[in-house]
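Report on the structure given below.
The values are calculated or read from the model by the stated rules, or taken from the named source; none is laboratory data. What you see is a predicted model, and the numbers here were worked out from it, not measured in a lab. Positions of Cβ are generated from backbone atoms using ideal geometry, with glycine treated the same way; all protein chains shown enter the neighbour counts.
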């Protein structure tokens with residue numbers, strides 16, 4: 001017998017979908033991803049991006065804050081409490097051209113399912129520096145809204161890397177807390193929209209470093225990030241150091257959609273398109289998506305959870321309309 005619903009992913013969207021699907025007696029099966037070196041390097045280990053962060057202070061219900069890994073363990077525990085079944089492996093490919101849908105895990109037999117919820121998220125793009133990896137969650141972050149208000153960053157100089165709208169938004173947000181925000185851009189003009197550029201120029205706390213790239217993150221075990229080393233993109237021999245307490249990356253995200261092999265409609269940024277207003281439907285009937293794999297705008301745990309709920313309700317109603325539940 002085919003599964004009623006298979007959920008692919010293990011962040012807030014996936015576990016919320018599992019909780020709602022389980023309570024609707026859909027007996028969900030979650031593929032949370034494999035614990036592998038490849039997934040570690042890509043930032044796609046089980047429990048999602050929140051498991052890679054430290055303090056979470058903006059998720060409702062935790063007035064004193066909570067550690068990211070702890071929060072995700074609680075999500076998972078609640079889903080399992082309602083008899084969600086979990087496979088700790090990747091779905092490496094799937095066939096959405098036939099029904100029931102065919103899903104191929106990294107190990108074991110393929111799985112058939114009447115409906116699928118894709119909640120594989122999106123991973124932040126990093127510079128790829130060894131020193132950057134060393135100080136992730138100790139001063140290196142890819143989410144200003146998530147981490148910018150933490151005590152370690154308040155009233156201290158910070159760095160934002162990037163030159164688009166997201167970079168200016170991050171710098172503007174951080175300027176509420178930081179003493180100075182150094183915006184590092186490889187070129188001599190921002191890629192951001194004119195209105196966003198003006199916002200950066202008008203903010204006395206934002207210092208734009210033109211024609212510059214980060215070549216090393218500096219720090220120590222006790223303090224975490226203490227500075228960065230910059231090189232000129234015009235003259236690589238021209239290097240200098242900035243003393244800062246944090247570095248925020250704003251060079252984009254990559255949605256985790258490679259395994260789909262082009263079977264669903266994606267937008268121009270590679271995110272899965274929602275095809276019905278206010279719904280989580282995708283371009284294939286019976287396939288739904290939730291969280292950051294479809295959301296290139298908000299990218300917050302709470303919004304991911306919301307669409308996870310929606311996707312489970314959408315799947316349940318679709319299955320019910322078909323007479324399969």
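In the stretch 30-37, the count of residues that are modelled with pLDDT of 95 or more and part of a strand (DSSP E or B) is one or more.
Filtering the stretch 271-281 to residues that are assigned to a loop (DSSP other than H, G, I, E, B) and either at pLDDT below 95 or over 21 Å from residue 39 (Cα atoms) (or both) leaves 273, 274, 275, 276, 277, 278, 279, 280. Being touching a strand residue (DSSP E or B) at 6+ places or on another chain (Cβ under 7 Å), assigned to a strand (DSSP E or B) and under 27 Å from residue 272 (Cα atoms): is that true of residue 104 here? Here the answer is yes, as residue 104 does meet what is asked.
Every residue, every condition in (1) out of contact with any helix residue (DSSP H, G or I) (no Cβ under 8 Å at 6 or more places or on another chain); (2) within 18 Å of residue 16 (Cα to Cα); (3) outside the structural domain of residue 20 (by TED's automatic domain parsing); (4) in a helix (DSSP H, G or I), yes or no:
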{"residue": "269", "(1), (2), (3), (4)": "yes, no, no, no"}
{"residue": "283", "(1), (2), (3), (4)": "yes, no, no, no"}
{"residue": "299", "(1), (2), (3), (4)": "no, yes, no, no"}
{"residue": "313", "(1), (2), (3), (4)": "no, yes, no, yes"}
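Taking the stretch 157-227 and the strands (runs of 3 or more DSSP E) fully enclosed by it, the elements with 3 or more residues that are touching a residue at least 40 places away in the same chain (Cβ under 8 Å) are at 157-161, 212-220. Screening the candidates 73, 77 for the property of being under 19 Å from residue 43 (Cα atoms) and not in a loop (DSSP other than H, G, I, E, B) yields one hit, 73. Every listed requirement among (1) at pLDDT 95 or above; (2) touching a strand residue (DSSP E or B) at 6+ places or on another chain (Cβ under 7 Å) is met by residue 238 save one, (1).
Each residue in the stretch 120-156 was checked for being touching a residue at least 24 places away in the same chain (Cβ under 8 Å) and assigned to a loop (DSSP other than H, G, I, E, B), and 18 pass. Among the residues making up the stretch 265-284, those that are in contact (Cβ under 8 Å) with a residue 24 or more places away in the chain and surrounded by fewer than 19 Cβ atoms within 10 Å (Cβ to Cβ) are 267, 269, 279, 284. Give the stretch 233-251 a look and list any residue that's within 24 Å of residue 165 (Cα to Cα) and surrounded by fewer than 16 Cβ atoms within 10 Å (Cβ to Cβ), or say none. Selection gives 233, 234. Between 101, 62, 75, the distinction of being crowded, with 21+ Cβ neighbours inside 10 Å and either under 19 Å from the mean Cα position of the chain (by Cα) or without any contact (Cβ under 8 Å) to a residue 60 or more places away in the chain (or both) belongs to 75 only.
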